[in-house]
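Below is one structure, written out as structure tokens; the observations come after it.
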Amino acid sequence: MKVLVAVKRVVDYNVKVRVKADETGVDLANVKMSMNPFCEIAVEEAVRLKEKGVASEIVVVTIGPKEAQEQLRTALALGADRAILVETAEEVGSLGVAKVLKAVVEKEQPGLVILGKQSIDSDNNQTGQMLGALTGMPQGTFASKVEVAGDRVNVTREIDGGLQTVALNLPAIVTTDLRLNEPRYASLPNIMKAKKKPLDVQTADALGVALTSTVKTVKVTPPPTRQAGIKVKTVAELVEKLKNEAKVI
Amino acid sequence: MAILVVADHNNSALGASTLNTVTAATAIGGDVHVLVAGTGCAAVADAAAKVAGVSKVLLADNAAYANQLPENVAPLVAELGKGYGHVLASATTTGKNILPRVAAALDVDQISEITKVESADTFQRPIYAGNAIATVQSSAAVKVITVRSTGFDAAAAEGGSAAVEAVATANDAGVSAFVGEELAKSDRPELTAAKIVISGGRGMQNGDNFELLYKVADKLGAAVGASRAAVDAGFVPNDMQVGQTGKIVAPQLYVAVGISGAIQHLAGMKDSKVIVAINKDEEAPIFQVADYGLVADLFEAVPELESLV
Ligand SMILES: Cc1cc2nc3c(=O)[nH]c(=O)nc-3n(C[C@H](O)[C@H](O)[C@H](O)COP(=O)(O)OP(=O)(O)OC[C@H]3O[C@@H](n4cnc5c(N)ncnc54)[C@H](O)[C@@H]3O)c2cc1C
Ligand SMILES: Nc1ncnc2c1ncn2[C@@H]1O[C@H](COP(=O)(O)O)[C@@H](O)[C@H]1O
């Protein structure tokens, strides 16, 4: 079974971003970029499926700028077999991404598509579900366990109340949650080998996808700041403040 | 045009977050209709009909909707949604699972987790773990939106008298099945609805030590949450995670115990009214957002707190 993994290049999770003075977005100049952490978990899951003999080939795909080749190379170093960059300088919304992924799915015919549950920049949490609607495939979102059995996959999902398990017909979509696995680090020899693995560059146009959006960003502003608080010296002082000053207990 | 709110429920009770979503719908303006899709869920429809500001309830009762499988529910919502200007759902794991499928079926972008309605087409939503607020405008014929409950007050659960109307239902798509569920059982208030939340982090050291927090919580009527590190380490289950990628809470009082205050954790609690931090490291970033900080060993401070409240 072929597994398709969608990865996104995002601001590294350790970076505290700043809003640009002209309110057009956040300042990305000289900021460390990485693979979205949920996508790392997606790549890891695919690699484990291959190690178990369930997956035969892992294809990674990203929609993004030329620089996103770095994240594809990382995925190749982690164990993906080949990569596709659908290159665009524009920022693409989740629906646009899902449409491109649908075109790639039609071409590649994977048995399983693994995505992250959420990009840590847009915090959208949409793309996998949208790909589900566009392809008619079932989805197991926020996965903490994935078990392929014959022509089905059982997915355990992290839901608000606890855990839920669903059985999906293949081909299916999985989106990863934090507890699905702990991604490995790429070894130096694998990083070297990854440089020789195939990386195909395409455009959305060539795939016949128009990247229009019904949502535009009017402005981006900093969040409200909290007033600096105080340090209390004892638990008794804390309780006194909570009772008489803040009046919350 | 009217607004369709997709109810969050478990076939027997209306989810509290739906009340916040109704308030968001009211802020947009227009008739507010609530869709209850489920099975044997007439009681939920009756509850929705009583919510202040709701003018109609659509009841879609079909075994295919029993477990909110998105493959079955999304086509129904998309079909009904065509007749509305907006389709809203709470940003619960159920809403997040279903609504993007609805948006794509309608060929529109979705706006996730709005925290403010500026006008019928313009909304605010946090991005980058809440480190920036985006104001976005939608030109979609049907605006598909999930609503972050902490951004909106709950609508009154009583006071409305909407009519309940049964609607035609779609079929089981036949591609997915519900296998089972392990739901956390707790007598404490629900994390996202509690007035007081006490959360523990890696500093708690193990799951047994969370008992210290449960004791304080029970005295205060509080819910107990956790950081990702505490969940990953297996101290407590995943449904207790507060943060960018867990639950978003904004209680009257949030007490962070043995939590360093990573941006991903702050994203889930920094809109709380009063924040208390108990941490032995006076440099911990959590103190930057805390109204009251106590530099102390939690194993001494928490039992003392329990005895004093
Ligand atoms: C993609 C992604 C998503 C994430 N999502 C979330 C999320 O939703 N929620 C979340 O919380 N995190 C999230 N994280 C993780 C986040 O970055 C931090 O790693 C995590 O919040 C740290 O948890 P912690 O504060 O409990 O642990 P630590 O950072 O290890 O802090 C432990 C704290 O306990 C204190 N301490 C230790 N012993 C004691 C004692 N005896 N008495 C008092 N204090 C003590 C220490 O001084 C320290 O400050 C995410 C990370 C990524 C990459
Ligand atoms: N530009 C992109 N290229 C490839 N995959 C993407 C892109 N944007 C989002 N995804 C995938 O969709 C997941 C969820 O993203 P989102 O819906 O944007 O929160 C990510 O973790 C990726 O797996």
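The values are calculated or read from the model by the stated rules, or taken from the named source; none is laboratory data. None of the values given here were measured: they were computed from a predicted structure. A quick note on method: Cβ atoms are made from the backbone with ideal geometry, for glycine too, and the neighbour counts reach across all protein chains shown. Remember, those area values only see protein heavy atoms, side chains included, never the ligands or the DNA or RNA. Shrake-Rupley method; radii C 1.70, N 1.55, O 1.52, S 1.80 Å.
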Query raised in the report: So which residue, out of B:165, B:113, B:181, gets the largest mean-square fluctuation from a GNM of chain B using Cα contacts under 10 Å as springs?
Result: B:181
**Report entry** Prolate/oblate/rounded call for the range B:1-90, Cα gyration tensor, a/c under 1.5 rounded
**Finding:** oblate
Query raised in the report: Based on DSSP H runs of at least 4 residues, each adding -39500 (n - 2.57), what is the mean residue ellipticity at 222 nm of the protein assembly as shown after dividing by all its residues, to the nearest 500 deg cm²/dmol?
Result: -7000 deg cm²/dmol
**Report entry** Subset of A:243/B:270; B:185/B:219; A:195/A:216; A:219/B:56; A:2/B:96 violating a 29 Å alpha-carbon distance limit
**Finding:** A:195/A:216; A:219/B:56
Report summary line: Once accessible area is computed for B alone, A alone and the pair with a 1.4 Å probe, the total buried surface, to the nearest 100 Å², works out to 6700 Å²
Query raised in the report: Residue-wise, which Karplus ³J(HN,Hα) couplings in Hz belong to the range A:24-33, taking 6.51 cos²θ - 1.76 cosθ + 1.60, θ = phi - 60°, and x for glycine or proline?
Result: 8, x, 9, 7, 9, 5, 6, 9, 5, 10
Report summary line: Expected max-MSF residue from B:178, B:299, B:152 in the GNM of chain B (alpha carbon, under 10 Å) is B:178
Query raised in the report: Could you give the nm distance between label points at residue A:107 and residue B:2, where each point is 7 Å from its Cα heading toward the beta carbon?
Result: 4.5 nm
Report task. When a/c is below 1.5 the answer is rounded, else prolate if a/b is larger than b/c, else oblate, so apply that to the range A:187-249 with a ≥ b ≥ c taken from the square roots of the Cα gyration tensor eigenvalues. Result -> oblate
Report summary line: Residues whose modelled amide H sits under 5 Å from the amide H of residue B:181, counting only those 5 or more places away in sequence or on another chain, are A:165
**Report entry** For the range B:176-189, Karplus couplings with θ = phi - 60° (6.51, -1.76, 1.60), whole Hz, Gly/Pro x
**Finding:** 9, 9, 7, 9, x, 9, 10, 9, 5, 10, 8, 8, 7, x
Query raised in the report: Counting partner chain Cβ atoms within 10 Å of every residue's Cβ in B:291-300, what's the average?
Result: 4
Report summary line: Partner shielding of A:222-234, as the mean number of partner chain Cβ atoms within 10 Å, equals 6
Query raised in the report: Using modelled backbone amide H atoms (1.01 Å from N, in-plane), which distant-in-sequence or interchain residues come within less than 5 Å of residue A:152's amide H?
Result: A:170
Query raised in the report: Which cross-chain or sequence-distant (5 or more) residues have an amide H under 5 Å from the amide H of residue A:20, H modelled 1.01 Å from N in plane?
Result: A:25, A:26, A:27
**Report entry** Average accessible area per residue (Å²) across the protein assembly as shown - probe 1.4 Å, nucleic acids and ligands excluded
**Finding:** 40 Å²
Requested in this report: Pop out the ³J(HN,Hα) list for the range A:156-173 in order, Karplus 6.51 cos²θ - 1.76 cosθ + 1.60 with θ = phi - 60°, rounded to Hz; leave Gly and Pro as x.
Outcome: 8, 10, 7, 10, 3, x, x, 10, 9, 10, 10, 10, 10, 6, 7, x, 9, 10
**Report entry** Residue mean of other protein chain beta carbons inside 10 Å, B:122-130
**Finding:** 5
Requested in this report: With the full set of protein chains in place, find how many percent of the accessible area of the protein assembly as shown is carbon and sulfur; take the probe as 1.4 Å.
Outcome: 49 percent
Query raised in the report: Taking the Cα-to-Cβ direction at residue B:218 and at residue B:118 and moving 7 Å from each Cα, how far apart do the two end points lie in nm?
Result: 4.9 nm
Report task. Quick one: grab the alpha carbon gyration tensor of the range B:191-308, order the square roots of its eigenvalues as a ≥ b ≥ c, and give me rounded if a/c is under 1.5, else prolate or oblate depending on whether a/b is larger than b/c. Result -> rounded
**Report entry** Choice from B:87, B:142, B:179 with maximal GNM fluctuation in chain B (Cα, 10 Å cutoff)
**Finding:** B:179
